[in-house]
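What follows is a set of notes on a single structure, which appears directly below.
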Amino acid sequence: MSKRIVLIFLSVFCISMFTYGIDAWIRINQLGYLPNAQKNAILLSEAPQTIKQFSIHDALTNEELGTFSSVTSFGEYQSFKSTYILDFSSFKLQGAFYIKAGLIYSPTIFINKNVYLGTADFLLNYMRQQRCGYNPSLNTICHQFDGYEVTGDDIQKTIVAEPKTDISSSSKVKSSLKKASRKAETTELKPLKLIDVKGGWHDASDYIQYGATSANAIYQMLFAYQMNPTSFSDKHDAAGKVLPNGIPDILDEARWGLNWLMKMYPSKEVLYHQVADDRDHVAFRMPSDDRVDYGWGPGDGRPVYQATGKPQGLFNYKNQSTGIASIAGKYSSAFGLGSELLKKY
């Protein structure tokens, strides 16, 4: 009899756990909310849910502080059977809280008038981390031999003459290399021009550098400062080291990019737009350990693409370029706003 009671209890318990083990989440702004600002959370559920209200509780005492019916349903979304927006804009208390909707709980929510202080400067950590030439985050130098001027035609001829260069693990790229290497004996190479383009930033997850995206990043930083100058502090010097220099850090970072952009536009009729190419994608390594061989020896300089107005790239992997106005316009915008905001320094 006792065993039967235990089995019944375990069965009920397991059924209850299955019932309440709902695959649902409440997503919030993890940074926090301002007391008087719009405040929304998103409820996502992989099982159908009917949510008509939710409550907010003190994160320390679990005390219920209010119940809200400001719920908007958005139905199914991808793998989620139910999605809702939970609006708690009318809740203006400051502190640490959580939302409860049915059996679903949110992470801790922070509401404070100072919740965003310092966040603008915090974002600059990423930019300093991506610096090329000298990296203050790692306190190391890299890519000191950049680079050799090339155009789309030049770089393919160089690759043909150096068929051992490892572009990528891609079978399509390797196949292209094999076909191109057959022409190596008849290829003539013109002398390459060495230019100094040290500086700037590496791209998101590799060490290629792009003038167009860098110019856009520079402009966005300058524009952010122009619109909200009091949001930025001075804790770093121009090299990115923790040492105030009397200049807002965001302007230091923008100028780091502008100095590189000037190297990429050395004269009126010469505009460079890219350093390195997809041969960069050989392995994960630290920037100071980058020894990719672009045809001149491991780590001995990278190709610097001149904007020609024609498609460029490796073999079948070409861009769709039909001119240089878009690139030039981005450079010009960065130079113009930079000149205006940096002249006082």
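Under 8 Å between Cβ atoms, which residue pairs at least 6 apart in sequence (or on different chains) link something in region 127-141 that is aliphatic (A, V, I, L, M) with a partner that is in a loop (DSSP other than H, G, I, E, B)?
Qualifying pairs under 8 Å: 138/286; 141/133.
Could you list all residues from region 60-81 that are outside any loop (DSSP other than H, G, I, E, B), within 30 Å of the chain's Cα centre (by Cα) and surrounded by 13 or more Cβ atoms within 10 Å (Cβ to Cβ)?
Answer for region 60-81, where residues must be outside any loop (DSSP other than H, G, I, E, B), within 30 Å of the chain's Cα centre (by Cα) and surrounded by 13 or more Cβ atoms within 10 Å (Cβ to Cβ): just 80.
For residues that are open to solvent by 10 Å² or more (accessible area, probe 1.4 Å) and modelled with pLDDT of 90 or more, scanning just region 272-283, find the one that is nearest to residue 331 (Cα to Cα).
Within region 272-283, the match that is nearest to residue 331 (Cα to Cα) is 273.
Any idea which of 248, 311, 303 is in contact with a strand residue (DSSP E or B) (Cβ under 6 Å, 6 or more places away or on another chain) and either surrounded by 13 or more Cβ atoms within 10 Å (Cβ to Cβ) or within 19 Å of residue 203 (Cβ to Cβ) (or both)?
303
Have a look at 28, 56, 22, 15 and point out the one that is at pLDDT below 95 and open to solvent by less than 80 Å² (accessible area, probe 1.4 Å).
Within the list 28, 56, 22, 15, the selection yields 22.
In region 284-300, how many are open to solvent by 30 Å² or more (accessible area, probe 1.4 Å) and without any contact (Cβ under 8 Å) to a residue 24 or more places away in the chain?
Qualifying residue count, region 284-300: 5.
Taking residue 120, is it in contact with a strand residue (DSSP E or B) (Cβ under 9 Å, 6 or more places away or on another chain) and open to solvent by less than 90 Å² (accessible area, probe 1.4 Å)?
It is false that residue 120 is in contact with a strand residue (DSSP E or B) (Cβ under 9 Å, 6 or more places away or on another chain) and open to solvent by less than 90 Å² (accessible area, probe 1.4 Å).
Going by the structure shown, is residue 288 under 25 Å from the mean Cα position of the chain (by Cα) and in a helix (DSSP H, G or I)?
Yes, satisfied.
Name the pairs whose Cβ atoms lie under 9 Å apart, with the first residue in region 244-260 and on the phi > 0 side of the Ramachandran plot, the second modelled with pLDDT under 95, and 6 or more positions between them or separate chains?
246/345
Determine, yes or no, whether residue 330 is surrounded by fewer than 17 Cβ atoms within 10 Å (Cβ to Cβ) and out of contact with any His (no Cβ under 8 Å at 6 or more places or on another chain).
Against the criterion (surrounded by fewer than 17 Cβ atoms within 10 Å (Cβ to Cβ) and out of contact with any His (no Cβ under 8 Å at 6 or more places or on another chain)), residue 330 does not qualify.
Quick one: would you say residue 329 is more than 24 Å from residue 238 (Cα to Cα) and not in a helix (DSSP H, G or I)?
no
If you go through region 212-271 one residue at a time, how many are assigned to a helix (DSSP H, G or I) and of a type outside the set (S, T, N, Q)?
26
Do we have any residue at all in region 216-236 that's crowded, with 18+ Cβ neighbours inside 10 Å, under 19 Å from residue 307 (Cβ atoms) and among the polar types (S, T, N, Q)?
no
Kindly indicate the residue of region 293-307 that is at pLDDT 90 or above and in a loop (DSSP other than H, G, I, E, B) and also farthest from residue 328 (Cα to Cα) among those meeting that condition.
So, considering only residues that are at pLDDT 90 or above and in a loop (DSSP other than H, G, I, E, B), the one farthest from residue 328 (Cα to Cα) is 302.
The values are calculated or read from the model by the stated rules, or taken from the named source; none is laboratory data. Keep in mind that this is a model prediction, so the values were computed, not measured. Here Cβ is always computed from backbone atoms with ideal geometry, including for glycine, and neighbour counts include all displayed protein chains. In case anyone asks, the SASA skips ligands and DNA or RNA and just uses the protein heavy atoms, side chains included. Shrake-Rupley method; radii C 1.70, N 1.55, O 1.52, S 1.80 Å.
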